[in-house]
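I'd like to ask some things about the structure below.
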Amino acid sequence: MIFYHYTCIEHIEKIFSDGFLKVSEANISPIEARIQPDVVWLFKKPWVGRVPQMLSGVTPGTDKTRICIKVDVPMEEVQRADKFWKKLNTPEWWIKALEEGGGKTSSKDWYVITRNIPSTEWIDVRDRYSNQKIKVG
């Protein structure tokens, strides 16, 4: 199943050298960091519009949607983020806080996979600013 992962230009060299998209914080708790399981964040559709809070860079000026990595992963390994969070008892108010600034998007548009995604499952990597393909390696 096709999904889209987004990252900033500053991370792409490391991602290419690692050869995989690495799991990271699942934002399960507003209080405790790094509660397991970690995830790779995915979207069902290519990103357009304003950036949701969860994709806003911590460093001002960092656009965590600039690089789009199109992946093909088994649907049975992917979960919708809202259902994933509910299973882990994530507070509803925290989910709403993460959605802030997302325009027409919500956690029902977000998906997670709880494993790294190797480059063998990448279909395309593009810079959204120029629409130029970025070659791995």
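Only the coordinates and a few stated rules stand behind these numbers; no lab work does. Bear in mind that the values here come from a model prediction, so they are computed numbers and not experimental data. Cβ placement follows ideal geometry from the backbone for every residue including glycine, while neighbour counts extend to all protein chains displayed.
Hey, got the dipole for the stretch 2-133? About the Cα centre, +1 on K and R Cβ, -1 on D and E Cβ, debye to the nearest 20?
340 debye
As a test of the formula, what do you get for the chain when each DSSP H run with n ≥ 4 contributes -39,500 (n - 2.57) and the sum is divided by the residue count, at 222 nm and rounded to the nearest 500 deg cm²/dmol?
Helices in the chain give a 222 nm mean residue ellipticity of -5000 deg cm²/dmol.
Label 7 Å along Cα→Cβ of LYS135; the stretch 1-41 residues with amide nitrogen under 17 Å?
Counting only backbone N, you get 13, 16-17.
Within the P(r) computed for the stretch 2-133, what percentage of the Cα pairs occupies the region above 22 Å?
That tail contains 33 percent of the Cα-Cα pairs.
What length, rounded to one decimal in nm, is gained on full extension from ASP72 through to LYS14, with 0.36 nm per residue of separation minus their alpha-carbon distance?
Additional length available on full extension: 18.8 nm.
Still on this structure, please answer the following. For LYS44, which aspartates and glutamates qualify as cross-link partners when the Cα separation must be under 17 Å and same-chain residues fewer than eight apart are set aside?
ASP72, GLU76, GLU77, ASP82, GLU99, ASP109, GLU121, ASP124
If r is the Cβ-Cβ distance from ASP38 to ILE2 and R0 is 30 Å, what FRET efficiency results, to the nearest 0.05?
0.85
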